[in-house]
Amino acid sequence: MRAVRIEEFGGPEVLVPVEVPDPVAGPGQVLVKVVAAGVNRADALIRAGVYHRAGRPPLIPGVEAAGIVAAVGEGVTGIGVGQRVMALDGVNAPGFYAELAVVPAGQVTILPDAVDLTEAATLPVAWLSAWYCLRSLAKVTKDDTVVVKAAASGVGSAAVQIAAEAGARVIAVAGSPEKTAWAAELGAHVTLDASAHPDDAEVEEVLRLTGGRGADVVLDTVGGRAFGRSLREIGHGGRVVALANVALEPSTVDTRDFYPKNAAVLGFQLTNLQIHGYDPRADLRELADRVAAGTYRVAVETVLPLDQARAAHERLERRDNRGKIVLAVGEN
Ligand SMILES: NC(=O)c1ccc[n+]([C@@H]2O[C@H](COP(=O)([O-])OP(=O)(O)OC[C@H]3O[C@@H](n4cnc5c(N)ncnc54)[C@H](OP(=O)(O)O)[C@@H]3O)[C@@H](O)[C@H]2O)c1
């Protein structure tokens, strides 16, 4: 089969198209013919050798995809050859930048017919992360004001829509006027251009926009130095959900920025959640049903052929994407 493999850790140039033997589904596994693979920050971290569970090269990156079931291993029930599915795998060796991938059956979710496979390929990581953070951790309600950082990113563009659908007031923070305008199109009620509000100016603007009270929820998809700002933007009894460190830099935390406000800091890491028992299938099915119903707009901004994985990573790392980048792998 065709695949893109990392022969050594490094920049986007180490993503090399190769021919490798077809994998075979073992007991409890599903062989998926990949139609589309989502591109994630985690893939860039795996490629660079700084992801916590990446293993050593040579390895095929890619932690989410959608496609067709090509075979099922011994003991697999409820999933059959020919079904349209989405799959998630950051737990074992990843590998969706390939025509075929083997996945544990518990990480494969059957798709409603109405959901396009290219869009479905973006649900298992960015959308599921935004969904879990806002619904299961922050428990967002219509009474909340929610700040979404990097609101035009893969996770951010999902979070804006999920929070708005819950009835919350959404303040979208993003790095350019183009990105904030786009976040408003997705349903953000108020936008904040981070490039015009560096450092504490962003905090002051969030406080101004919330009448001095601070936000009820901050979804911190940036981390690093930006995390300290999230703590200052939260209001009394609020919840900060931290799920990223995009700049791979330390955060400086002043505990006085959150304990006097009785605020909660909640962490999220999807792979570790699965390792500790989380089964993503019910949440993914609910998300897919909402996409099928037209409740959410899955923002796929760039689709590139598999052998252009390098260009996909370069685009992601230039940080000018609005929504998701997807690799087109096989025929629908
Ligand atoms: N913990 C988990 O399980 C989990 C799951 C999914 C994603 N994540 C993390 O969540 C973050 C967002 O994911 P994504 O897929 O939505 O990413 P993405 O589409 O690549 O967006 C990342 C955005 O972060 C903003 N940013 C701020 N400071 C940055 C910096 N120093 N370098 C690069 N970008 C910077 C940029 O937006 P602006 O230009 O608007 O500032 C950039 O476009 C990533 O860090 C990812 O690893 C974590």
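The values are calculated or read from the model by the stated rules, or taken from the named source; none is laboratory data. Note that the coordinates shown come from a computational prediction; the quantities given were computed from them, not determined experimentally. Neighbour counts are summed over all protein chains in view; Cβ atoms, including those assigned to glycine, are modelled from backbone coordinates with ideal geometry. To get the accessible areas, we keep the full protein, side chains included, count just its heavy atoms, and leave off ligands, DNA and RNA. Shrake-Rupley method; radii C 1.70, N 1.55, O 1.52, S 1.80 Å.
Each residue in region 241-258 was checked for being surrounded by 16 or more Cβ atoms within 10 Å (Cβ to Cβ) and part of a helix (DSSP H, G or I), and 1 pass. Could you list, in sequence order, the residues of region 259-285 that are without any contact (Cβ under 8 Å) to a residue 40 or more places away in the chain, away from the ligand (no atom under 15 Å from the Cβ) and part of a helix (DSSP H, G or I)? Listed by number, the residues that qualify are Tyr259, Pro260, Ala282.
Would region 137-145 turn up any residue that is open to solvent by less than 10 Å² (accessible area, probe 1.4 Å) and under 20 Å from Thr210 (Cβ atoms)? Looking for residues that are open to solvent by less than 10 Å² (accessible area, probe 1.4 Å) and under 20 Å from Thr210 (Cβ atoms), one finds at least one in region 137-145, hence yes. In region 165-194, the residues that are in contact (Cβ under 8 Å) with a residue 40 or more places away in the chain reach residues that are assigned to a strand (DSSP E or B) and more than 10 Å from the ligand (Cβ to nearest atom) with C-beta atoms within less than 6 angstrom, at least six apart or across chains, in these pairs: Ala168/Val146; Ile171/Val147; Ile171/Val190; Ala188/Val170.
Could you look through region 313-332, keep only residues that are within 11 Å of the ligand (Cβ to nearest atom) and in a helix (DSSP H, G or I), and pick out the one that is surrounded by the fewest Cβ atoms within 10 Å (Cβ to Cβ)? Ranking the qualifying residues of region 313-332, first place goes to Arg318. Looking across region 287-302 at every residue that is within 15 Å of the ligand (Cβ to nearest atom) and among the aliphatic types (A, V, I, L, M), the one that is surrounded by the fewest Cβ atoms within 10 Å (Cβ to Cβ) is identified as Val300.
Kindly evaluate Val203 against the criterion of being touching a residue at least 60 places away in the same chain (Cβ under 8 Å) and within 16 Å of the ligand (Cβ to nearest atom). So Val203 does not fit the description; no.
Hey, among Leu284, Leu306, which residue is closer than 20 Å to Gly62 by Cα, assigned by TED's automatic domain parsing to the domain that holds Ala54 and open to solvent by less than 60 Å² (accessible area, probe 1.4 Å)? Exactly one of Leu284, Leu306 is closer than 20 Å to Gly62 by Cα, assigned by TED's automatic domain parsing to the domain that holds Ala54 and open to solvent by less than 60 Å² (accessible area, probe 1.4 Å), namely Leu306.
Scanning region 8-55 for residues that are under 23 Å from Arg319 (Cα atoms), more than 13 Å from the ligand (Cβ to nearest atom) and of a type in the set (Lys, Arg) gives no hits.
Yes/no matrix, rows are residues, columns are (1) within 11 Å of the ligand (Cβ to nearest atom); (2) surrounded by fewer than 24 Cβ atoms within 10 Å (Cβ to Cβ); (3) under 22 Å from Glu233 (Cα atoms):
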site: Val115; (1), (2), (3): no, yes, no
site: Val148; (1), (2), (3): yes, no, yes
site: Ala158; (1), (2), (3): yes, no, yes
site: Ser176; (1), (2), (3): yes, yes, yes
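Criterion applied to Val24, Val18 was being under 19 Å from Leu100 (Cα atoms), assigned to a loop (DSSP other than H, G, I, E, B) and out of contact with any helix residue (DSSP H, G or I) (no Cβ under 8 Å at 6 or more places or on another chain), and the one residue passing it is Val24.
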